[in-house]
Amino acid sequence: MTINPGQWKLGTYWDDKEPHSLEQIREAGYSCIELNLDNYKSPADTVTPENFARYDSAVQTAKRLGLEVWSVHLPFGSQWDISDLDDTVRESAIKGNIQIMDWVKGWGARVLVIHPSFEPIQNEERAGRLVKAAETIRLLSGEAAKRGLHLAVEDLPRTCLGNNAEEIAALIKDAPEAVVCCDSNHLLTETPESFIRAIGSRIMTLHISDYDGVNERHWIPGRGIVKWVEVVRALVEIGYAGPFMYEADYENPQDVVASFRAILNAYREAGQGVQ
Ligand SMILES: [Zn+2]
């Protein structure tokens, strides 16, 4: 199947602390969202009936508006670190993630985005943590599959695990049901287009934003160094058929919509035929 980027759905991350309501997101022209949950809290303080009610009400609002909840970002923080060498921490994170999967299954989302670690990761612990994270990804991707969901491992910046294509490939090697979320502003040692080509068709979702290559910035595309025509080309090559999901900071939701149009126009003008 030839991919036509003009048919990619436009999406954005969203949580209920955002200044923009789901109504505003819908009106601006998005068709889907990634729901962000609370981060940095313990699993016990996150997976509560009160939080379920909060998130569930947002999901029902999105559905009523015709906004698809494509993905849910699983919580992160030191108590959610799936690479932790302390089994007690890791087991509590596993349990919390599985409980959230049961929420997500009922919401009709397809994808769960997970961070392969928290940070900083000390050099001497890296190899051991990669083994632990890979084991946990194998287990959690199997649990996700049982619920009709896909666990998407996200590339991360700095010393985090999964900070380049080679580590992401190693993390999912023994987890055939795991997929990948490509964050275009997290890679500090390679370009997003080279990451996309290296990982290929296991990329099932995106976090789109721009940066300066020095650190993550979550800028709207156009402000930083990402070569967007190259990113689109690479995504077309791998047959990417998910949404063009933004994780960019913005003041006006229309600015992100305009950036998506500008990227598609630039791709078309480069001679790649968006219809
Ligand atoms: Zn993330």
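The relative contact order of region 5-270, computed from alpha carbon pairs under 8 Å that lie at least 6 residues apart in sequence, is 17 percent. Stretching the chain fully between Asp16 and Ile3 yields a gain of 1.4 nm (0.36 nm per residue, less the alpha carbon separation). Across region 220-227, coupling constants 3J(HN,Hα) worked out from phi with the 6.51/-1.76/1.60 Karplus curve, θ = phi - 60°, read 5, x, x, 7, x, 9, 5, 8 Hz, and Gly and Pro carry x. Once the Cα-Cα distance is subtracted from the 0.36 nm per residue extended length, the Ala53 to Arg147 segment shows a gain of 31.8 nm. 3J(HN,Hα) along region 128-134, derived from phi through the Karplus expression 6.51 cos²θ - 1.76 cosθ + 1.60 where θ = phi - 60°, amounts to x, 5, 4, 5, 4, 5, 4 Hz, with x in place of Gly and Pro.
Scoring 123-136, 233-246 by mean Cβ neighbours within 10 Å over their residues and listing the highest first yields 233-246, 123-136.
Amide H to amide H distances under 5 Å link His150 with Val111, Leu112, where only residues 5 or more positions off or on other chains count and H is placed in the peptide plane. Think of the chain as having a plus end and a minus end, set by charges on the Cβ of Lys, Arg, Asp and Glu; of Ala270, Thr48, Ala133, Ala270 sits farthest toward the positive end of this dipole. With the convex hull drawn over the C-alpha atoms of the chain, the volume per residue is 119 Å³.
Measuring r between the beta carbons of Val131 and Ala44 and using R0 = 45 Å, the FRET efficiency lands at 0.95. Classification of region 1-89 by its C-alpha gyration tensor yields an oblate form. The axis ratio a/c (a ≥ b ≥ c) is 1.5 or more, and b/c is at least a/b. Once backbone amide H atoms are built at 1.01 Å from N, Ser209 has Ser184, Asn185, Glu247 as its partners under 5 Å, excluding neighbours fewer than 5 places away on the same chain.
Once the Cβ-Cβ distance of Ile98 and Glu119 is raised to the sixth power relative to R0 = 35 Å, the FRET efficiency obtained is 0.90. At full extension, Glu251 and Leu139 could sit 36.4 nm farther apart than now, given 0.36 nm per residue minus the alpha carbon distance. Packing here is the average count of other Cβ atoms within 10 Å per residue, and on that basis the peptides 176-186, 28-38, 89-99, 55-65, highest first, run 176-186, 28-38, 89-99, 55-65. Using θ = phi - 60° in the Karplus curve 6.51 cos²θ - 1.76 cosθ + 1.60, the 3J(HN,Hα) couplings for region 103-110 round to 4, 5, 4, x, 8, x, 6, 9 Hz; x is entered for Gly and Pro. Per residue, the chain exposes 42 Å² of accessible surface when a 1.4 Å probe is rolled over the protein heavy atoms with every protein chain present.
Normalised by residue count, region 172-275 yields a Cα convex hull volume of 104 Å³ per residue. Share of region 5-270's accessible area from carbon and sulfur, percent, 1.4 Å? Answer for region 5-270: carbon and sulfur cover 50 percent of the accessible area. Hydrodynamic analysis of region 70-140 uses the Kirkwood radius over alpha carbon pairs. Inserted into Stokes-Einstein at 4 °C and 1.567 mPa s, it gives a translational diffusion coefficient of 103 µm²/s. In the chain, the calculated helix contribution to ellipticity at 222 nm averages -13000 deg cm²/dmol per residue, counting -39,500 (n - 2.57) for every DSSP H run with n ≥ 4. Remark: relative contact order (region 20-112) = 35 percent; criterion is Cα-Cα distance under 8 angstrom and separation of 6 or more residues. Is the shape of region 79-204 rounded, prolate or oblate, going by the alpha carbon gyration tensor and its root eigenvalues a ≥ b ≥ c, with a/c under 1.5 for rounded and a/b larger than b/c for prolate? Oblate is the answer for region 79-204, as a/c is 1.5 or above yet b/c matches or exceeds a/b. Put simply, the amide H of Ile203, placed in the peptide plane, has neighbours under 5 Å in Val180, leaving out anything fewer than 5 places away on its chain. In this entry, region 100-139 is assigned a mean projected area of 3.4 nm², taken as a quarter of its C-alpha convex hull surface.
The values are calculated or read from the model by the stated rules, or taken from the named source; none is laboratory data. None of these values were measured; they are calculated from a predicted model. Neighbour counts run over all protein chains shown; Cβ positions are idealised from the backbone, glycine included. Just so you know, the surface numbers come from the protein's heavy atoms only, side chains and all, with ligands and any DNA or RNA stripped out. Shrake-Rupley method; radii C 1.70, N 1.55, O 1.52, S 1.80 Å.
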